[in-house]
Structures are given as structure tokens and as C-alpha cells.
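> Structure in C-alpha cells, see below.
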Amino acid sequence: MAFRPSTLDLVLTKMARGDENDLADVRFLLSRDQLTVEQLRGAFASARVPDVPEIRELFQGAQAKVLQIAQQGI
């Protein structure tokens, strides 16, 4: 039996790089398993982001983009 991380965990992982390919993957993931804006915001708040300024900045910058993607699917 194969295992994969939850959709929410995959979305958070994709946000750490913040490139367009990863955002396309986020669109795909959210089209298959729609998460609410509230679920995403909660995950953003509790995510364990490495203490590397560049990664933190990319993760922060990706939040608005991911929320916009999620809202488009509603």
C-alpha cells in the first residue's frame, strides 16, 4: 500500500519554494481536494518553517497566492 502526505502537507511543502511550477501543483492539489481558507490559514499559522530567512520570506509571500487559488475553487 502506498502512502502520501495529506493534501494540506503537500501544499505547505510546495509553498516553501514559491515558484510557478509549485503554484501550478497547488492548483492541481486544491482542485482535487478542496481545502477551506480557514483550514489553510490554520495550517499557515502552525507550519514549522525552517529558520532560514529566504525560506520564511518565500513561505510568507506564497500565502496570499495560495489563498487566492483556494478562493477561485469555491
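The values are calculated or read from the model by the stated rules, or taken from the named source; none is laboratory data. Computed from a predicted structure; not experimentally measured. Cβ: placed from backbone, ideal geometry, glycine included. Neighbour counts: every protein chain shown. In case anyone asks, the SASA skips ligands and DNA or RNA and just uses the protein heavy atoms, side chains included. Shrake-Rupley method; radii C 1.70, N 1.55, O 1.52, S 1.80 Å.
> Compare the peptides 9-17, 61-69, 34-42 by average per-residue count of other Cβ atoms within 10 angstrom and give them in order, highest first.
9-17, 61-69, 34-42
> Here's another thing I want to ask about it. Give the label of the value calculated from the structure for Cα extents along the principal axes in Å, choosing from (1) 46, 32, 23; (2) 38, 27, 16; (3) 33, 32, 24.
(3)
> Among 51, 22, 33, which one shows the highest mean-square fluctuation when the chain is modelled as a Gaussian network with alpha-carbon springs under 10 Å?
Answer for the Gaussian network model of the chain: 51.
> May I pose another question? Put a dot 7 Å past each Cα toward the Cβ at residue 57 and residue 13; how far apart are the dots in nm?
2.5
> Hey, what's the chain come to in accessible area per residue, 1.4 Å probe, Å²?
That works out to 70 Å² for each residue.
> In whole percent, how big is the carbon plus sulfur part of the accessible area of the chain, probe 1.4 Å, protein atoms only?
53
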